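Note sheet for the following structure.
The values are calculated or read from the model by the stated rules, or taken from the named source; none is laboratory data. These numbers were taken from a predicted model, which means no experiment stands behind them. Cβ sites come from the backbone with ideal geometry, for glycine too, and all protein chains shown count toward neighbours.
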Amino acid sequence: MPDLPDIITRKYEVLEWRNGLAVLRMAHPDEWNDIIEVLSSFKLLKSDIMKAGGSKSPIAGKLDSHFEALGWKEKAFDTKIVIDGVEHASPTHKVDCYKNRVALEVEWNNKDPFYDRDLNNFRLLFELRAIDVGVIITRCSELQEIFNDLGKGKSYGNSTTHLRKLIPRLEGGGGGGCPVVVFGIKKEAYVDDDSE
């Protein structure tokens, strides 16, 4: 695995599939730098964990909004298959953040089948030559200890998106031939902002 900045290896578990890091760093250096900027500055605040859930958690919202400020956009792709002149819609799912052929999904606390959806979407978009690499930002399973200590453990159950649920899907080839990079948020990113 290529050298990564110390702050990234300290705060994130990093996984790749099909040389995703090399593709991201070499073919998309500007997007790589954006990702490093967002992840380096990200803090998993106790106050954000304690907020009531909704359609999007404050944690996912902060990550998405930082990417948006750097020119990343939510993106839907209009895809179709043409057979003997007859068009058939072949819809893909929207990507949370997209920029210059890099697709990025933030999976903080969804149901774990969302990983199947994301990896399948990356696979389809890669095969259709719409993206070069897919990126998933999620949480490490070890964060459950923090959630339990804060009395929020039930909100972050075993059937939600965390790294232990993603690894078998990734290693099982869920993304097909698409290069994929995963950043799992570790305990080292946690900040008890009550004590600051």
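Can you pull out the residues in the stretch 100-109 that are more than 13 Å from PHE77 (Cα to Cα) and surrounded by fewer than 19 Cβ atoms within 10 Å (Cβ to Cβ)?
ASN100
Given the options GLU87, GLU145, name the one that is outside any loop (DSSP other than H, G, I, E, B), out of contact with any Asp or Glu (no Cβ under 6 Å at 6 or more places or on another chain), acidic (Asp, Glu) and in contact (Cβ under 8 Å) with a residue 40 or more places away in the chain.
GLU145
In this structure, is HIS88 surrounded by fewer than 13 Cβ atoms within 10 Å (Cβ to Cβ) and touching a strand residue (DSSP E or B) at 6+ places or on another chain (Cβ under 8 Å)?
The answer is yes for HIS88.
Looking at GLU13, GLU37 in this structure, which one is modelled with pLDDT of 95 or more, farther than 18 Å from ALA130 by Cβ and either surrounded by fewer than 16 Cβ atoms within 10 Å (Cβ to Cβ) or touching a helix residue (DSSP H, G or I) at 6+ places or on another chain (Cβ under 6 Å) (or both)?
When all the criteria are applied, what remains is GLU37.
Which number in (1) part of a helix (DSSP H, G or I); (2) out of contact with any helix residue (DSSP H, G or I) (no Cβ under 8 Å at 6 or more places or on another chain); (3) within 21 Å of ASP96 (Cα to Cα) marks the one condition that LEU166 misses?
All conditions pass for LEU166, except number (2).
Among the residues of the stretch 113-126, is any assigned to a loop (DSSP other than H, G, I, E, B) and out of contact with any Cys (no Cβ under 9 Å at 6 or more places or on another chain)?
no
Name the residue, out of VAL102, VAL180, VAL133, that is under 22 Å from LEU21 (Cα atoms) and either touching a Pro at 6+ places or on another chain (Cβ under 6 Å) or among the acidic types (Asp, Glu) (or both).
VAL133
Could you check the stretch 155-168 and list, in sequence order, the residues that are modelled with pLDDT under 90 and exposed (fewer than 14 other Cβ atoms within 10 Å of the Cβ)?
Residues satisfying the conditions are GLY157, ASN158, SER159.
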